[in-house]
There are 2 protein chains.
Amino acid sequence: MQLGSRKNLKDRLAPVLGLIHRQELAEKLTELQQGTSDTLAAGVEHRQHQEALATKLRRLHPADIAHLVEMLPPEERSLIWSVVPDEVGGDVLVEVADSVADGLIEETPAERVVEMCRHLDPDDLSFLDEFLDEALRDRILASVLDSQRSWLETSFTYPEHTVGALMSGDMLIVNRDATVRDTLKILRRRESIPEQSDQIFVVDARHRLKGVLPITTLLLHSPSESVVEIMETDTMAFTPEDEASSVGKAFERYDLISAPVVDSRDRLIGRLTVDVIMHFIREEAEEDLLNREGLRGDEDLFGPVFESARGRWLWLFINLLTAFLASRVITVFEGTIETLVALATLMPIVASIGGNTGNQTIALVVRGLALDQIGRENMRYLALKELGIALINGAIWGTVMGLVAWGLYQSPMLGVVMGVATLLNLIVAAAVGIGVPMGMQRAGRDPALGSSVILTFVTDGMGFLIFLGLATALLI
Amino acid sequence: MQLGSRKNLKDRLAPVLGLIHRQELAEKLTELQQGTSDTLAAGVEHRQHQEALATKLRRLHPADIAHLVEMLPPEERSLIWSVVPDEVGGDVLVEVADSVADGLIEETPAERVVEMCRHLDPDDLSFLDEFLDEALRDRILASVLDSQRSWLETSFTYPEHTVGALMSGDMLIVNRDATVRDTLKILRRRESIPEQSDQIFVVDARHRLKGVLPITTLLLHSPSESVVEIMETDTMAFTPEDEASSVGKAFERYDLISAPVVDSRDRLIGRLTVDVIMHFIREEAEEDLLNREGLRGDEDLFGPVFESARGRWLWLFINLLTAFLASRVITVFEGTIETLVALATLMPIVASIGGNTGNQTIALVVRGLALDQIGRENMRYLALKELGIALINGAIWGTVMGLVAWGLYQSPMLGVVMGVATLLNLIVAAAVGIGVPMGMQRAGRDPALGSSVILTFVTDGMGFLIFLGLATALLI
C-alpha cells in the first residue's frame with residue numbers, strides 16, 4: 001500500500017539530491033565537459049547517467065521537481081533542468097517562483113519551451129504568459145488547439161492580479177432544463193472531471209449563470225428530479241476584473257472550493273478554484289515580506305550574484321540618502337556636541353527607540369488595513385490609542401533612560417533632556433507610524449511599501465533634533 | 001436571483017454599521033443607561049432597538065459578524081456582542097482573532113457561553129478550548145452528547161499547532177466490502193454531507209484506512225462496481241502529531257481539499273480540510289509578521305490601551321538595552337569626537353546602512369528556511385553569494401559616501417575612513433544576516449524571531465567601532 005507515501009518531502013527528494021550533489025554531480029559535470037570533446041564512449045556513458053536522473057525525476061510530482069530546482073545553485077539547476085522530461089516541464093515552470101521561471105525559460109531552446117507548453121492545459125499556460133516574449137508566445141499559440149487559442153487570447157488580456165488571469169475554462173456545466181439523470185450522463189461522457197470540482201454550474205440558453213449544483217447534492221437526489229429544483233441560487237460569483245486578493249479573502253471567509261466567474265451580463269465565462277487562490281495568496285504574502293525590505297518580491301535565492309547586487313541599489317541609495325539627510329540635523333548642533341561630547345553617545349539611542357516603536361505601529365496598521373479592519377469610523381480611535389500607548393510608555397521608559405543618563409554623567413539636567421527627548425520621539429513615532437501607512441493607502445498605494453523608510457527618516461531626524469535642541473536650550 | 005449577493009462585504013456590513021455607529025449608537029447607549037434607571041417604556045423601546053439589530057445580524061454570515069466585531073472599539077464591540085444570537089455566537093467566537101475571542105468570552109456570562117457552544121460542532125468547539133477555564137470547559141463537556149464528548153476529550157489533548165487539534169471527526173466512511181450502490185445508500189441515509197467532502201474514506205473491518213474514493217469517481221461508475229476496485233490508494237495521510245504548518249505546505253503543493261488522519265496503526269481517526277488549513281496558514285503568517293516587530297501575534301487592534309502598552313514593554317526594554325550597549329562603543333572614542341566633531345554626524349549613517357542591508361539578508365534567509373529551500377548542501381553557496389553582494393555594493397556605495405564626506409569636510413582622509421567603514425559594515429551585516437537566522441534555526445528556534453534585534457545591535461556597535469576606530473587611527 002502506498003498510503004502516505006508522499007508525506008515526507010525530504011525523504012522523497014533525498015535520492016535525487018544524492019544523484020545530483022557532491023561526488024555524483026562533480027562526476028557528471030566532468031563527464032559533461034569531456035563528452036563534448038572526448039571519445040564517443042564517454043558520451044554514451046554520460047547519456048546513461050542523464051537517463052538515470054530523468055527516471056528518478058519522472059517519479060516525482062512536478063511540484064517537488066519545482067522545489068528541487070528552486071533550491072539548487074545555477075550550475076546544478078541547469079543540469080537538472082536539462083533532463084526534466086518535456087511532458088512535466090511545463091508544470092514545473094508553473095510551480096517555480098517567477099524569477100526562477102524567467103531564468104529557466106531564458107536558457108531553454110524555444111522548441112523545447114513550445115513542446116513543454118503543449119502538455120499544459122490553457123489555464124496553466126496563461127500563468128506563463130508574463131515570461132514569454134512576443135515571438136515565443138506566437139509560436140505557442142500556433143501550436144495549441146483552436147478552442148484553446150481563443151481562451152488563451154482572452155486570458156492574456158487580463159492583468160496578473162485579477163480573477164481573469166487566474167480563472168480556468170475547464171468546468172462542469174449543465175443546462176437549466178436538465179434532470180439529475182441528464183447531468184450524470186453528461187459527466188460520464190467526459191474524458192475526465194476537472195480537479196477541485198465540487199459543483200456544477202447551471203446556465204440558461206444564453207449561457208447566463210442561474211445557480212450551482214453541489215456534486216454531493218447530485219448524489220442525494222433521484223434521477224428524475226429537475227436540476228433547477230435542487231440547485232442553489234445564493235452563491236458567490238466573481239467578475240474577471242475583480243482583484244484576486246479580495247477574492248482570496250472571500251474564499252477564506254466562506255470556505256469556498258470553487259466559484260463561477262461571470263461577465264457583466266451574468267454569462268458564465270470561467271471558474272476559480274481554491275488551489276489557485278491559495279497559491280496566489282501565499283506568493284503575495286511572501287512578496288510583501290520581501291518588498292518591505294526593499295527586495296524584489298521574487299528575488300531568486302540562488303540567482304547570479306551581480307544581478308542580485310544590482311537589484312538592491314535603489315534601496316541602498318534611498319537608505320543612504322535618508323540616513324544622510326537625517327544626519328544633517330546633527331551638523332547644526334556640532335557646536336553643542338563639541339561642548340558636551342556625551343550627547344554624541346546618547347543621541348543614537350533616542351533615534352533608535354523611535355524607529356523601533358514606530359515600526360510596531362506600522363506593522364499593526366498595515367495588518368489592520370490588509371484585513372479591512374480599519375475604516376474611517378474607527379481611525380480616530382486607533383490614532384488616539386497608539387498616541388496613548390506612546391504617552392504611557394514614553395513616560396515610563398523616558399524616566400528610566402533619564403535616570404541612567406543622570407547616573408552615568410552625574411548631570412540631572414542631562415537626565416531630563418534624555419527623558420523628555422525619549423518621550424517626545426515615541427509620540428512622533430506613533431503619529432508617523434499611523435499617518436504614513438494610512439496616507440499611502442488613501443493615495444492608492446501599498447501601505448507597507450516604503451512606510452518604514454519614511455518612518456526611520458523622521459524618527460532619526462526628529463530624534464536628533466529634539467535631543468540636541470533640548471540639550472542646547474537647557475544645558476549650554 | 002441572489003447570485004453574487006455576498007460579494008461586496010462593505011455593502012453588506014454598511015446597514016449594520018449604520019445602526020451601530022455615530023448617532024444611532026449614541027442614542028442606543030443613552031437609552032441603555034436610561035433603561036436601567038428610567039421608565040418601563042424606555043426599557044421596551046430599548047429592547048425593540050436591540051431586536052432590530054439582532055435581526056440585521058441574523059442575516060449576516062458568522063464570518064462577517066466576526067469581522068464586524070473585530071473592527072469595533074471596546075464599547076461598540078460589547079454592544080453588538082450582547083445582541084448576537086446565541087445560535088451563531090459560537091461560530092463568531094471561532095472566526096475572530098484569538099485575543100478578541102478571549103475578551104468576548106471573559107465578558108460573557110457562563111450560561112451564555114455554554115448555550116453558544118451547544119450549537120457548535122465538536123471540531124469548532126475544540127478550537128475554543130484554549131480560551132476556556134477549567135470550570136467552563138467542564139460545563140460545556142457536560143452539555144454535549146456522549147459521542148461528541150469523547151471526541152472533544154481526545155481533541156483537547158493535542159497541542160494547538162498539530163493536525164490533531166485541527167482535524168474533524170465528521171467524515172464520509174465506507175467499508176471496503178461495499179459497492180457503489182451501498183455507498184450511495186449510506187450517503188442518502190445521512191442527514192447532511194460534511195462541508196468540503198471531496199472524497200469518501202475506505203476502511204477495513206478494523207477501521208484501517210485502505211484507500212479513498214473521490215466523489216466524482218463515484219458518479220462515473222455503475223452501482224454494481226465494488227469500492228475497492230475504483231478507489232485510489234496513492235493518497236496522502238497524516239498523523240495527529242504532524243505539524244500543521246508542514247501539512248499546510250503539502251495541501252498547497254498537491255492541491256488537496258481534504259486528507260485522512262490516521263493513527264500509528266493506520267486506523268482512520270479524523271479528517272483535515274483545506275478551509276481549516278488555509279485559515280491556520282493565514283493566521284500563522286500574520287502572527288509571524290507581528291512577532292518580528294516584537295508584538296504579540298494576536299494583538300487586538302482595538303483592545304484596551306494600558307494592556308497594549310504593557311504588552312510592548314519587554315521589546316522596548318530589549319531595544320533600549322541593545323541601543324544603549326551599542327552606544328557604549330562611542331564613549332570610548334569621545335576624545336576623538338571632541339577633536340573632530342564631524343565624526344558624530346557621519347557615524348549614524350554607517351550604522352544605519354548596515355542595519356538596513358542586513359535586514360534584507362535576514363528576510364531572504366528566513367523565507368528560504370520557511371520554504372525548505374535552504375539545506376546543508378547549499379548553505380555555503382548562499383553565504384558566499386551574500387558576502388559577494390556585500391563586497392560589490394560596499395565597494396560602489398562606500399566610494400560614493402567617501403566622495404560625499406570628502407566634499408563636505410574637505411578632508412580626503414575622512415573620505416577614505418567613511419568609504420572603508422561603509423564597506424566593512426556591509427560585510428559585517430551580510431555575515432550576521434546569514435549567520436543569526438541559520439543559528440536560530442539550528443538551535444531549534446524560530447529564525448525570524450529576534451534576528452533583527454541581534455543584527456541591529458551588531459551593525460550599530462560594529463558600525464561605530466569600525467568608523468571611529470579607523471578615524472582614530474588615520475585622522476587623529
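The values are calculated or read from the model by the stated rules, or taken from the named source; none is laboratory data. In this text the structure is predicted, and so the values were computed from the model without any measurement. Cβ atoms come from the backbone with ideal geometry, glycine included; neighbour counts cover every protein chain shown.
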Looking for something within 11 Å of chain A (Cβ to nearest Cβ) and under 39 Å from the mean Cα position of the chain (by Cα) - is there at least one such residue anywhere in segment B:404-419? no
Just checking: which of the helices (runs of 4 or more DSSP H) contained wholly in segment B:267-381 hold 3 or more residues that are closer than 30 Å to B:Gly407 by Cβ, in contact (Cβ under 8 Å) with a residue 60 or more places away in the chain and more than 30 Å from the chain's Cα centre (by Cα)? B:313-332, B:334-339, B:342-370
I'd like to know if segment A:222-232 contains one or more residues that are facing chain B (nearest Cβ under 8 Å) and not aromatic (Phe, Trp, Tyr). no
Top-ranked residue of segment B:253-266 - restricted to ones that are outside any strand (DSSP E or B) and touching a residue at least 24 places away in the same chain (Cβ under 8 Å), ranked as nearest to A:Ser197 (Cα to Cα): B:Ile257
Just to be sure before I move on: is B:Leu346 surrounded by 24 or more Cβ atoms within 10 Å (Cβ to Cβ) and either touching a His at 6+ places or on another chain (Cβ under 9 Å) or within 21 Å of B:Ala473 (Cβ to Cβ) (or both) in the structure I sent? yes
Some residue of segment A:208-218 being within 8 Å of another protein chain (Cβ to nearest Cβ), at pLDDT 90 or above and under 29 Å from the mean Cα position of the chain (by Cα): no
Filtering segment B:264-288 down to residues that are small (Gly, Ala, Ser) and within 8 Å of chain A (Cβ to nearest Cβ) yields B:Ala285
Of all residues making up segment A:331-341, the number that are within 7 Å of another protein chain (Cβ to nearest Cβ) and within 16 Å of A:Leu475 (Cβ to Cβ): 4
Take segment B:249-263 and flag every residue that is at the interface with another protein chain (Cβ under 9 Å from one of its Cβ atoms) and crowded, with 18+ Cβ neighbours inside 10 Å. B:Lys249, B:Ala250, B:Phe251, B:Glu252, B:Arg253, B:Leu256, B:Ile257, B:Pro260, B:Val262
Name the residues in segment A:65-87 that are farther than 21 Å from A:Gly303 by Cβ and within 24 Å of the chain's Cα centre (by Cα), would you? none
Looking at segment B:163-192, which of its residues are under 18 Å from B:Asp124 (Cα atoms) and polar (S, T, N, Q)? B:Ser168, B:Ser192
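Name every residue in segment B:123-143 that is modelled with pLDDT under 80 and either farther than 24 Å from B:Ser99 by Cβ or surrounded by fewer than 17 Cβ atoms within 10 Å (Cβ to Cβ) (or both), in order of residue number.
B:Asp129, B:Glu130
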Checking the structure you have, find out if any residue of segment B:424-436 is under 26 Å from B:Leu289 (Cβ atoms), free of Cβ contacts under 8 Å to residues at least 60 places away in the same chain and surrounded by fewer than 22 Cβ atoms within 10 Å (Cβ to Cβ). yes
Taking first residues from segment A:213-236 that are more than 12 Å from A:Ile200 (Cβ to Cβ) and second residues anywhere that are assigned to a loop (DSSP other than H, G, I, E, B) and small (Gly, Ala, Ser), the pairs with Cβ under 7 Å that are 6 or more apart or on different chains are A:Asp234/B:Ser5; A:Met236/B:Gly4
So is A:Ala237 within 11 Å of chain B (Cβ to nearest Cβ) and either under 28 Å from the mean Cα position of the chain (by Cα) or surrounded by 17 or more Cβ atoms within 10 Å (Cβ to Cβ) (or both) or not? yes
Do the conditions hold for A:Ile374, that is, is it more than 30 Å from B:Leu301 (Cα to Cα) and crowded, with 24+ Cβ neighbours inside 10 Å? no
Yes/no for B:Ala471 being modelled with pLDDT of 95 or more and farther than 20 Å from B:Phe333 by Cβ: no
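This table checks each residue for (1) surrounded by 20 or more Cβ atoms within 10 Å (Cβ to Cβ); (2) more than 27 Å from A:Arg77 (Cα to Cα); (3) outside the structural domain of A:Ser246 (by TED's automatic domain parsing); (4) touching a strand residue (DSSP E or B) at 6+ places or on another chain (Cβ under 8 Å).
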position: A:Arg265; (1), (2), (3), (4): no, yes, no, yes
position: A:Thr273; (1), (2), (3), (4): yes, yes, no, yes
position: A:Ile277; (1), (2), (3), (4): yes, yes, no, no
position: A:Asp288; (1), (2), (3), (4): no, no, yes, no
position: A:Arg292; (1), (2), (3), (4): yes, yes, yes, no
position: A:Gly297; (1), (2), (3), (4): no, no, yes, no
position: A:Phe302; (1), (2), (3), (4): yes, no, yes, no
